[in-house]
Amino acid sequence: NYAGKTSAQLESLVSAIARTSDVTQGTAREAIQRAAESGRFAGDQFDIVARAAARMEDATGQSVDTTIKKFEAIGRAPVDALLKLNETEHFLTQAQLDRVRALVDEGREQDAAAEGARIYAGRLDAIATSAEAARPHLAQMWKDAKEGASSAWQETKNFAEFLAGAAEQYKQMPW
């Protein structure tokens, strides 16, 4: 049970991220595992961080750990972290900054961190989408083949687990 989620919910999230974010199940699983290991995210924020980390690694090559560290910084000090990220990435509007700052001023640090994470996740989504659109045709074909192989391997593992469970039940039958 990580980040308030059961193993079944985490596995479902792996499938959802892989399916809706156009990443491999392996990348989605790694992002979820790293987000859970950080211990800093829960609920919707956990899903947002894991999805963004998976997409960035798949689309741009930026490591899952690098992306998660940026979200951790936002969680610790939302205004300062967003301003620092904005120095190099130039994404933050004055209205967004004012909203996060107002939440901090109201003593709503967790809400400020969640809003900051949503803002930054939107930025990363735009970067990933642009990177995917700029991929050469051959690179896209290779990515599609890799995703197909990853999906086939996952289904093979699922089937093997099913067979192992069935064999165990068969052994327990009173013959």
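Test each condition in (1) open to solvent by 60 Å² or more (accessible area, probe 1.4 Å); (2) in contact (Cβ under 8 Å) with a residue 12 or more places away in the chain; (3) more than 30 Å from MET141 (Cα to Cα) for GLN110 and report the one that comes out false. It is condition (2) that GLN110 fails. The sole residue among THR156, THR93 that is more than 22 Å from the chain's Cα centre (by Cα) and under 23 Å from ILE48 (Cα atoms) is THR93.
Residue under question is ALA31, and the condition is that it be touching a residue at least 60 places away in the same chain (Cβ under 8 Å), open to solvent by less than 40 Å² (accessible area, probe 1.4 Å) and within 12 Å of ILE17 (Cβ to Cβ); does it hold? When the stated conditions are applied, ALA31 does not pass them. Looking across GLN169, GLN154, one residue alone is in a helix (DSSP H, G or I) and surrounded by 10 or more Cβ atoms within 10 Å (Cβ to Cβ). It is GLN154. Looking at the stretch 59-73 only, could you name the residues that are in contact (Cβ under 8 Å) with a residue 60 or more places away in the chain and closer than 19 Å to GLU11 by Cβ? None; the set is empty. Among the residues of the stretch 5-32, just one is over 12 Å from the mean Cα position of the chain (by Cα), of a type in the set (Ser, Thr, Tyr) and outside any helix (DSSP H, G or I), namely THR6. Give the residues of the stretch 31-72 that are of a type in the set (D, E, K, R) and over 23 Å from THR6 (Cβ atoms), sorted by residue number. Answer for the stretch 31-72, where residues must be of a type in the set (D, E, K, R) and over 23 Å from THR6 (Cβ atoms): ARG55, GLU57, ASP58, ASP65, LYS69, LYS70, GLU72.
Looking at this structure, is ALA53 open to solvent by less than 50 Å² (accessible area, probe 1.4 Å), more than 30 Å from GLY148 (Cα to Cα) and either of a type in the set (Ser, Thr, Tyr) or within 14 Å of the chain's Cα centre (by Cα) (or both)? It is false that ALA53 is open to solvent by less than 50 Å² (accessible area, probe 1.4 Å), more than 30 Å from GLY148 (Cα to Cα) and either of a type in the set (Ser, Thr, Tyr) or within 14 Å of the chain's Cα centre (by Cα) (or both).
The values are calculated or read from the model by the stated rules, or taken from the named source; none is laboratory data. What you are looking at is a predicted structure, and each value in this text was computed from that prediction instead of being measured. Cβ sites come from the backbone with ideal geometry, for glycine too, and all protein chains shown count toward neighbours. We work out accessible area using only protein heavy atoms, side chains counted, and drop any ligands, DNA or RNA first. Shrake-Rupley method; radii C 1.70, N 1.55, O 1.52, S 1.80 Å.
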